[in-house]
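The values are calculated or read from the model by the stated rules, or taken from the named source; none is laboratory data. Just so we're clear, the structure is a prediction, and the values are computed from it rather than from any experiment. Virtual Cβ from ideal backbone geometry, glycine too; neighbours counted across all protein chains shown.
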Amino acid sequence: MRAMKRALLVTAILAASTSAASAGTYLGLGIGPGANVGGTDGHVEEGGRSMRLLGGYKLGVLSGRLAIEGALSFQGLTFTNNGGPEYDGRQLGVYGKYNHPLGSDFEVFGKLGVHRTWFSSSNDMYAVSGEGFLVGVGAEYRLTAILASASVWVDYTHHMATLDGDRYSWDAGVGMWMLGFSIGL
């Protein structure tokens, strides 16, 4: 019985040290082309830029492959249906992220979570907001030769939400491509 307790204690210590080594906080910044918006009656002009600020924490489970991220994304949009207004879009999201290593410091990842979206305009009667789900996929390259805790990534995230405002509402899908850089703290 005593030997079993010691073995369990040694196993717990080793597991905790392995978990602590793979856990960690990181920050990131991404930039991409303007968002693609679906579910509107009008047309959204091409162009503009999207940006994402993110923070995450790699959990000490599954060799650090699982993380929780929070992100704030920005995009400018112009709806051209009947001289529609210009919008500033913001999305605040939280999601789980799972990285799967491919080798040679390359990884692919998937993410799934929830978000809150706001589209504001110079005319408040056109403002809409709502909650929804997001799903995303991407690839990441760890810069271990340069900075052990840094990476370059590219991803596509699709946000689905029901947006409501004073004047109208719609079920929207917003897709964003991003190229970004993350660094561990």
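Descriptive notes on the structure:
- Which listed residue is over 26 Å from Y26 (Cα atoms) and either in contact with a Cys (Cβ under 6 Å, 6 or more places away or on another chain) or small (G, A, S) (or both), from G130, G96: G130
- Scanning the range 102-120 for residues that are without any contact (Cβ under 8 Å) to a residue 12 or more places away in the chain and either among the small types (G, A, S) or touching a helix residue (DSSP H, G or I) at 6+ places or on another chain (Cβ under 9 Å) (or both) returns G103, S104.
- Residues of the range 132-185 that turn out to be in a loop (DSSP other than H, G, I, E, B) and either among the hydrophobic types (A, V, I, L, M, F, W, C) or surrounded by 20 or more Cβ atoms within 10 Å (Cβ to Cβ) (or both), as a count: 6
- Residue in the range 139-160 that is nearest to K58 (Cα to Cα), counting only those that are of a type in the set (G, A, S) and at pLDDT below 90: S149
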